[in-house]
Amino acid sequence: MAKIGVFICHCGENISAKVDCKKLAATIAEHPGVAVSVDYKYFCADPGQESIKKAIRENHLTGVVVAACSPRMHEATFRKACAEAGLNPYMCEIANIREHCSWVHTDQDMATEKAADITRSMVEKVKRNNKLQPIEVPVTRRALVIGGGVAGIQAALDIANAGQEVVLVEREPSLGGHMAQLSETFPTLDCSQCILTPRMVEAAQHPKIRLLTYAEVVSVDGYIGNFHVKVKMKARYVDMESCTGCGDCITKCPQKKISSEFDCGIGKRAAIYTPFAQSVPNKPVIDKATCTYFKNGKCKICMRSCQINAINFDMQDEFIELEIGAIVVATGFQVQNNAVYGEYGYGKYPDVITGLQFERLASASGPTFGKILRPSDGKEPKNIVFIQCAGSRDPSKGVRYCSKICCMYTAKHAMLYSHKVHDGKSHIFYMDIRAAGKGYDEFTRRTIEEDGVSYLRGRVSKVWPKMSKLMVRGVDTLLGKPVVIAADMVVLATAMVPQPDAKEFAKTIGIAYDEYGFFNEAHLKLRPVESSTAGIFLAGTCQSPKDIPDSVSQASASASKVLALFSKQTLEREPVVASNNEATCAGCWGCVLACPYNAIEKKDILDRSGKLIKRVASVNPGLCQGCGTCVTFCRSNSLDLAGFTEKQIFAEVMGL
Amino acid sequence: MNEIFEPKIVAFVCTYCTYAGADLAGTSRLKYAPNVRIVRLPCTGRISPMFILKALQKGADGVLISGCHPGDCHFTHGNYHARRRWMVFRALLEFTGIPSERVKYSWISAAEGGKFADLMNSITEDIRKLGPFDQYNALIKETEAPATF
């Protein structure tokens, strides 16, 4: 027999001014199942809470309804009070008669009537509430960081320095990501490698970090605190244990004319290679696609040149399985393929290059050792045209968004060029200069005022070759005149786009992505580093275009989220989750399709001899977020949602 | 008989957007018609067509379903499920003889307290124009009457 206590709060005069609380208490007292119905000035205050606790103890109440403010305000307060009086906290419900009634209505009679309806409906609901227990989920204190660029390194180091284990997975043979390719970084002109490589080494040598390079995450199962991750270790054909990184094999390799990915095609590498001189780990891999032995079955010169027999052509891809508690995704970006701009001639004229290629030219460790030289004839260009927004903010051929960093790196390129080639002249075609960031506007002003770079506001319509020059036709909209510039080199500020396999990867690990393939955060403003899946966090440009400071900030934020998760042995969460009645489940899998969290699995029911009786749906409470979409989908009424059961809601409707 | 008809309307709302929007209307002290009773659910995806029927059966003159704007669902796409379900259910409702104008569907975010108040007024007016909903009970009487063949 239900014994419900109803506590009607005046909230000072906030409620009592429009709702006749005395009359309401008297009306509700007559409702079947109501044992106590009282009103009081402030139930949220200590004496109010004490009176609720006293009533629970004295009347052995089975449920409590507090008719007061919004449950978003004080549900936790009153549930805690109930728990202190020995009543299961989930046997307490709030009837919202302030925000939804007294504050918004003027007629006292109608407001009182509405308040009675709201309260009665909650009484009917609470009669059917179940004593729920918070769900405890164990936490594996080991983080997985996917991507070894600056964001991934930062997140891994932050987590590891706090004393937690980290597995850092990078699919290239070396850590570093795009930042390792850069020459100097805006706005301070710090040498990119000088600030990054020490961190790469630190990550590789950290006792708490297990570094897996040339490896890819192939599957993620499980849920927050309990992920099972499978990683493919691609065959390097070089034994990591014994290789000393002497580089003899690289010098002996007969295949040396392979276009280097790290140098964006401007430099060359061998078939056995490390991406760059400061690679971490500094141990080579054999590129199966270009290796003479793998193509012709003959060669093995590298193997013979290796004095410690570290090269093994029989090596196979290996798979390792990891138990992980939290994941940081820092998979980075790619630059857009500028071949879409036929009028700029990228790919057709060798001296039309991308910003990233320019970085390699300007880098002291790049193919030209920091000299700005044209790819076509190796001569120093005396006139460079930079084209901004070559892809960004262009819905017709490129992407609609702003890539955020191009204004800054173009200004930096022009500045570096003027420092390296003193008699050089550079022109920048721009749409707007977006230099929002600490020290950024000052930097672009310096480029214009001190280094005399000419900024032309307008777009370029065509680039064509004439003798050894590239003719650039554009418009200066501020002068209102067309311009033609005879340039030696053209640099395109290419758009930042998601990794080509970003969407596929997002599906593999179960996170949401936007129309472009950038991963979606749980809330753009308030939960910017959490993905839509609990326990998976985002860092860096895989979420949206970012510069280095932003990527690093987000990585540290993700790390702090991971550490907060690891601060406890177990996770406690609201028990508002779906559950299935396996006896009636027909196994139609409608719920599996409906679930946004992949929380519903197929489960085999076996008899004693192990014979399959039937297959039913089974809800994983660790993954379930409690939206209830599956419950409505269920054709056999087998699924139900704790806290919002069919019975409770029907009762609520009947009570109105 | 000049008394104004005060309809009773049941609203099924999600807790993350519309319920919060209704709270905002409250904290902003916006005044609106007192005819709507709110049933809070985690997500509009939880709303079963049966809830709507039950509300109409138990004397509601109108029903409102309201959740997060498309793309804003806290549970990523519960509101899309709700919308699809409603598209199908609306046809079924018409088929059973219940005018679908009695059931409204809307999106109200947690920031749209004003929109919530406006909607409360407009839905009350609309349902008031439609008059009391008694077809359902008439229908019950009909089916419960002894067969005459």
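In a shell of Cβ-Cβ distance under 14 Å around A:Arg304, excluding A:Arg304 itself, what net charge do Lys and Arg (+1) and Asp and Glu (-1) give?
Net local charge, A:Arg304 excluded: +2.
Rounded to whole Hz and in sequence order, give me ³J(HN,Hα) for segment A:277-293 from the Karplus expression 6.51 cos²θ - 1.76 cosθ + 1.60, θ = phi - 60°, writing x for Gly and Pro.
Once rounded to whole Hz, the list reads 4, 9, 3, 10, x, 8, 10, x, 10, 9, 7, 4, 5, 10, 5, 4, 4.
Could you tell me the center-to-center distance, by alpha carbons, between segment B:1-34 and segment A:123-155 in angstrom?
Their Cα centres are 34 Å away from one another.
With a cut-off of at most 15 other beta carbons within 10 Å, and DSSP calling the residue loop, which GluC sites (Glu not before Pro) in segment A:1-58 qualify? Please list them.
A:Glu13, A:Glu30
Mind running the shape call on segment A:11-52? Use the C-alpha gyration tensor, a ≥ b ≥ c as the square roots of the eigenvalues: rounded below 1.5 for a/c, prolate if a/b tops b/c, oblate otherwise.
oblate
Kirkwood Rh and Cα-based Rg: tell me the resulting Rg over Rh for segment B:9-144, rounded to two decimals.
Working: Rg = 14.8 Å, Rh = 15.1 Å.
Across segment B:9-144, the Cα-based Rg/Rh ratio is 0.98.
Once amide H atoms are placed 1.01 Å from N in the peptide plane, what residues at a sequence separation of 5 or more from A:Ala390, or on another chain, have their amide H within under 5 Å of its amide H?
Correct list: A:Ala493.
In debye, nearest 20, what is the charge dipole magnitude of chain A about its Cα centre with +1 on Lys and Arg Cβ and -1 on Asp and Glu Cβ, if you could check?
Numbers: 79 positive and 69 negative charges, 346 e Å.
Result for chain A is approximately 1660 debye, rounded to the nearest 20.
Picking from A:Cys69, A:Ala493, A:Asn520, whose Cα lies most toward the positive end of the charge dipole for chain A (charges on Cβ: Lys, Arg +1; Asp, Glu -1)?
So the residue furthest toward the plus end is A:Ala493.
Which ordering of B:Arg128, B:Arg102 is given by a fewest-first count of other beta-carbon atoms within 10 Å?
In increasing order of surrounding Cβ atoms, one gets B:Arg128, B:Arg102.
Do any GluC sites (Glu not before Pro) in segment A:509-559 lie in a loop, going by DSSP, with at most 10 other beta-carbon atoms within 10 Å of their beta carbon, and if so which? Show your work: numbers first, answer last.
Numbers: sites: A:Glu515, A:Glu521, A:Glu530; in loops: A:Glu515.
Of the GluC sites (Glu not before Pro), the ones in loops of segment A:509-559 whose Cβ has at most 10 other Cβ atoms within 10 Å are A:Glu515.
If you plug each phi of segment A:222-233 into the Karplus form 6.51 cos²θ - 1.76 cosθ + 1.60 with θ = phi - 60°, what whole-Hz ³J(HN,Hα) values come out, in order, with x for Gly and Pro?
Values per residue, Gly and Pro as x: x, 8, 3, x, 9, 8, 10, 10, 10, 10, 8, 8 Hz.
Would you compute, for the Cα atoms of segment A:248-305, the largest minus smallest coordinate along each principal axis and list the three values in descending order, in whole Å?
Largest first, segment A:248-305 extends 29, 21, 15 Å along its Cα principal axes.
What's the average, rounded to a whole number, of partner chain beta-carbon atoms within 10 Å of each residue's beta-carbon in B:72-78?
Other-chain Cβ atoms within 10 Å of each residue's Cβ, averaged: 6.
In whole angstrom, note down how far apart the Cα centers of segment A:429-488 and segment A:232-247 are.
Distance between centres, Cα-based: 46 Å.
Shape verdict for segment A:578-655, please, from the Cα gyration tensor: rounded (a/c under 1.5), prolate (a/b greater than b/c) or oblate.
prolate
Among the listed pairs A:Lys22/A:Lys54; A:Lys54/A:Lys131; A:Lys232/A:Lys546; A:Lys425/A:Lys481; A:Lys234/A:Lys295, which are separated by more than 27 Å between their Cα atoms?
Distance filter (> 27 Å) returns A:Lys232/A:Lys546.
Place +1 on the Cβ of every Lys and Arg and -1 on the Cβ of every Asp and Glu in the protein assembly as shown, take the dipole about the Cα centre, and give the residue among A:Ala111, A:Ile159, A:His413 whose Cα lies farthest towards its positive end.
After comparing all options, I get A:His413.
Within segment A:299-330, which residues have the backbone N less than 18 Å from the label spot 7 Å out from A:Ala289 along Cα→beta-carbon, could you tell me?
A:317
So who's got an amide H within less than 5 Å of the one on A:Ile311, skipping anything under 5 residues away but keeping other chains? H placed 1.01 Å off N, in plane.
Amide H neighbours of A:Ile311, under 5 Å, 5+ apart: A:Asp239.
Suppose only helical runs count, i.e. DSSP H with n ≥ 4. What mean residue ellipticity at 222 nm does that imply for chain A under -39500 (n - 2.57) per run, divided by all residues and rounded to the nearest 500 deg cm²/dmol?
Values: 17 runs with 178 residues, N = 656.
Result for chain A, helices only: -8000 deg cm²/dmol.
Expressed in whole Å with the largest first, what are the equivalent ellipsoid semi-axes of segment A:334-497 derived from the C-alpha gyration tensor as the square root of 5 times each eigenvalue? Display every interim value, and only then the final one.
Working: eigenvalues 82, 74, 56 Å².
Three semi-axes, in Å: 20, 19, 17.
Counting partner chain Cβ atoms within 10 Å of every residue's Cβ in A:622-635, what's the average?
Per residue, the number of nearby Cβ atoms from other chains is 6 on average.
With θ taken as phi - 60° and the coefficients 6.51, -1.76 and 1.60, list the Karplus ³J(HN,Hα) couplings across segment A:399-414 in order, rounded to whole Hz; mark glycine and proline as x.
Karplus-based 3J(HN,Hα) across segment A:399-414 equals 10, 6, 7, 8, 7, 6, 9, 5, 4, 6, 6, 5, 4, 5, 4, 4 Hz.
Averaged across B:45-57, how many Cβ atoms of other chains sit within 10 Å of each residue's Cβ atom?
Partner Cβ neighbours, averaged per residue: 5.
Enter the Cα centre distance for the pair segment A:254-299 and segment A:571-632, rounded to the nearest angstrom.
First find each Cα centre; the distance between them is then 49 Å.
Amide H to amide H under 5 Å from A:Lys268: which residues, 5+ apart in sequence or cross-chain, H placed 1.01 Å off N in plane?
It is A:Ser260, by chain and number.
Just to be sure I understand: if I project the alpha-carbon convex hull of segment A:358-413 onto a plane and average over all orientations, what area do I get in nm²?
Projected over every direction and averaged, the Cα hull of segment A:358-413 covers 4.7 nm².
For A:Met240, A:Met408, what's the fewest-to-most ordering of other Cβ within 10 Å of each Cβ?
Fewest to most other Cβ atoms nearby, the residues stand as A:Met240, A:Met408.
Size of chain A along its principal axes in angstrom, Cα-based, largest extent first?
On the principal axes, chain A reaches 97, 74, 43 Å in Cα extent.
Could you sort out which of A:Lys80/A:Lys125; A:Lys404/A:Lys469; A:Lys438/A:Lys561; B:Lys31/B:Lys129; A:Lys503/B:Lys104 sit more than 27 Å apart by Cα distance in this structure?
Flagged as over cut-off: A:Lys404/A:Lys469; A:Lys503/B:Lys104.
No value in this document is a laboratory result; all are computed from the given coordinates. From a predicted model like this one, the values you see are computed outputs, not experimental measurements. FYI the Cβ positions are ideal-geometry reconstructions off the backbone, even for glycines, and counts take in every protein chain you see.
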